[in-house]
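Everything on this sheet refers to the single structure shown next.
The values are calculated or read from the model by the stated rules, or taken from the named source; none is laboratory data. This structure is a prediction, so every number in the text was calculated from the model and none was measured. For neighbour counting, all protein chains shown are included, and Cβ atoms are generated from backbone atoms with ideal geometry for every residue, glycine included. Side chains included, ligands, DNA and RNA excluded: accessible areas come from the protein's heavy atoms. Shrake-Rupley method; radii C 1.70, N 1.55, O 1.52, S 1.80 Å.
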Amino acid sequence: MTNKNQIRKIYKKKRQALTKELLEKMSLAIANKAAQLPIWDFSFYHIFLPIAKQNEVNTEFMLHLLQGKDKNIVLAKSDFKNFTLQHFLLTDTTKIKVNAYGIPEPVDGITIHPQQIEVVFMPLLAFDLNGNRVGYGKGFYDRFLNECQANTIKIGLSFFEAKEKIDSNGFDVPLDYCITPSKTYRFNH
């Protein structure tokens, strides 16, 4: 078992090694796998916009999928003072601005309460066979997921396959699914 800080270093390095072409190809494969999940009967879908310098999954393909299915798309705005997220409905008039940490986020808009969100697609650096995820370590998503309904579907997006086991604590909220370019993992809790 490797600790989360070691995992963060390893997976940040692995992501930085991806070429732009490979990143795009893998991101498209992830979106195609997402289209096959039994999750499309809901209304409110939360998705992240990628931090380019971190080589995160390009969610543009996922956005097209959601828009094509006429879903309500929710984006988060980060508050780095108390490590929380505020959620806004993506509309034709939503202004996106890249914050000081390189995160593209809505400036403002129609506020959506976490209780309304039914499916959450989330970024991660690594995950394990039990659905535990490693993010950047600030706990934004764990705090957010604890505000959602218990049955909100939590889906990680990862370029890499599952690790055997990752340390987790009582604050960590496990995933229901994790999609990689080659496989979709389903976790039973």
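Looking at region 52-73, is at least one residue β-branched (Val, Ile, Thr), crowded, with 19+ Cβ neighbours inside 10 Å and in contact (Cβ under 8 Å) with a residue 60 or more places away in the chain? Yes, some residue in region 52-73 is β-branched (Val, Ile, Thr), crowded, with 19+ Cβ neighbours inside 10 Å and in contact (Cβ under 8 Å) with a residue 60 or more places away in the chain.
Might you check whether a residue that is touching a residue at least 40 places away in the same chain (Cβ under 8 Å) and in contact with a Cys (Cβ under 7 Å, 6 or more places away or on another chain) occurs anywhere in region 84-97? Checked region 84-97: no residue is touching a residue at least 40 places away in the same chain (Cβ under 8 Å) and in contact with a Cys (Cβ under 7 Å, 6 or more places away or on another chain). For region 165-176, residues that are touching a residue at least 60 places away in the same chain (Cβ under 8 Å) and open to solvent by 20 Å² or more (accessible area, probe 1.4 Å) total 2.
Within region 96-153, the residues that satisfy the criterion of being open to solvent by 50 Å² or more (accessible area, probe 1.4 Å), of a type outside the set (A, V, I, L, M, F, W, C) and over 30 Å from Gln16 (Cβ atoms) are Asp108, Thr111, His113, Gln115, Gln116, Glu118, Asn146, Glu147, Gln149, Asn151.
Would it be correct to say that Glu56 is over 22 Å from Leu145 (Cα atoms), at pLDDT 95 or above and under 13 Å from the mean Cα position of the chain (by Cα)? In short, no. Among residues of region 124-139 that are more than 12 Å from Leu157 (Cα to Cα), those with a beta-carbon under 9 Å from a residue that is among the small types (Gly, Ala, Ser) and assigned to a loop (DSSP other than H, G, I, E, B) at least six positions away or on a different chain give the pairs Asp128/Ala162; Asp128/Ser168; Leu129/Ala162; Asn130/Ala162; Asn130/Ser168; Asn132/Ser168.
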